[in-house]
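Heads up, the thing below is written out as C-alpha cells.
Read the figures in this text as sums done on the coordinates, not as results from a lab. From a predicted model like this one, the values you see are computed outputs, not experimental measurements. Here the Cβ is made from the backbone with ideal geometry for all residues, glycine too, and neighbour counts use every protein chain on show.
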Amino acid sequence: MRKLVVTENMTLDGVIDMAAGWFDPLNEDVDQSDITAANREHQEAADALLVGRTTFEIFRGFWPKQTDDPTGVSDYLNAVDKYVVSSTLDEPEWERSTVLRGPVVEEVKALKEAPGRDIVATGSTQLVPALIAAGLVDEYRLFVFPVVVGRGARLFESADLELRLLETRPFVAGVVLLRYAAAD
C-alpha cells in the first residue's frame, strides 16, 4: 500500500498558512541548496500530489510559469499525477490532474491502495486536517522555518496524535526537517 505523506513548510509556532508572506520557495538571498536536495529525495519517492482546490489553483498559477527554477519543483509538479479535492472545480487545466469529488476519505483510501509510490499532500489547510482526522496520514515531513508569525492556520489545530520520530535534519538556512511516522 502507498504511503500518504503530509509535507508542510511551517513556522516555529506551527503556522502553515503563508498569507503573512513568510515563505518564498525561490528566495535567492538564502542558501537553500541542501533543502532542494532533500526535496529531490522526497520527490523521487513520490509519484502523486494530493491538494485542495485553493492550493491547487495557487500552484497551477505559479509553478508551470517558472522557466528557470533551480529547485526542480516546477518540473516535478508538471510531471507528477496531481489530485485535487474539489466540489466546484470543473476542469483542472493542468496536465496529469484529476479532480476528486468525494467522499474524500474513500477517494484517498482508493489512491493509497492503487499501485505506485508515495502520495504527498501539502498546503491545503482544510484538506490536510481532514486527512489527519481520518487517520489516513502515514508520515509527516515538517520543514520548520525560524519564523514566528503568531497568526494563521496551523497544521495541528485540533488533532490528537501520537507520532514516532524518524529523522531530524538541520539546514544551512536555519530550517529543520522533522520527519514523523504515525504511531501504530
### Task
Report the normalised scattering of segment 131-179 as log10 I(q)/I(0) at q = 0.31 Å⁻¹, calculated by the Debye formula with identical scatterers on the alpha carbons.
-1.20
### Query
Among LYS82, LYS112, LYS65, which one shows the biggest mean-square fluctuation in a GNM of the chain, springs joining Cα atoms closer than 10 Å?
LYS65
### P(r), alpha carbons of segment 1-116 - 10 Å bins starting at zero, rounded %
11, 40, 38, 10, 0
### Query
With each run of n ≥ 4 DSSP H residues scored as -39500 (n - 2.57), what mean residue ellipticity at 222 nm is computed for the chain after dividing by its residue count and rounding to the nearest 500 deg cm²/dmol?
-7000 deg cm²/dmol
### Query
Between segment 124-179 and segment 1-78, what is the C-alpha centre distance in whole Å?
14
### Summary
What the 10 Å binned alpha carbon P(r) of segment 67-184 shows, as percent of pairs per bin from 0, is 10, 35, 39, 16, 0
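I'd like the FRET efficiency for SER33 and ALA181, computed as 1/(1 + (r/R0)^6) with the beta carbon distance as r and R0 of 30 Å, rounded to 0.05. Please list the in-between numbers first.
Details: r = 27 Å, r/R0 = 0.90.
With a Förster radius of 30 Å, E is 0.65.
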### Task
Could you tally the net charge around ILE119, taking each other residue with its Cβ under 15 Å from the Cβ of ILE119, Lys/Arg +1 and Asp/Glu -1?
-2
### Message
Using a 7 Å offset from the Cα along the Cα-to-Cβ direction at both GLU162 and GLN66, what is the distance between the two label points in nm, to one decimal?
### Response
3.9
### Query
Over segment 98-162, with a single point scatterer placed on each C-alpha, what log10 of the ratio I(q)/I(0) does the Debye formula yield at q = 0.14 1/Å?
-0.50
### Under the Karplus curve 6.51 cos²θ - 1.76 cosθ + 1.60, θ = phi - 60°, whole-Hz ³J(HN,Hα) for segment 89-101, x wherever Gly or Pro sits
7, 8, 10, x, 6, 8, 3, 6, 10, 10, 8, 9, 9
### Task
Scan around SER97 for amide H atoms under 5 Å from its own, H built in the peptide plane at 1.01 Å from N, and keep only partners 5 or more places away or cross-chain.
LYS82
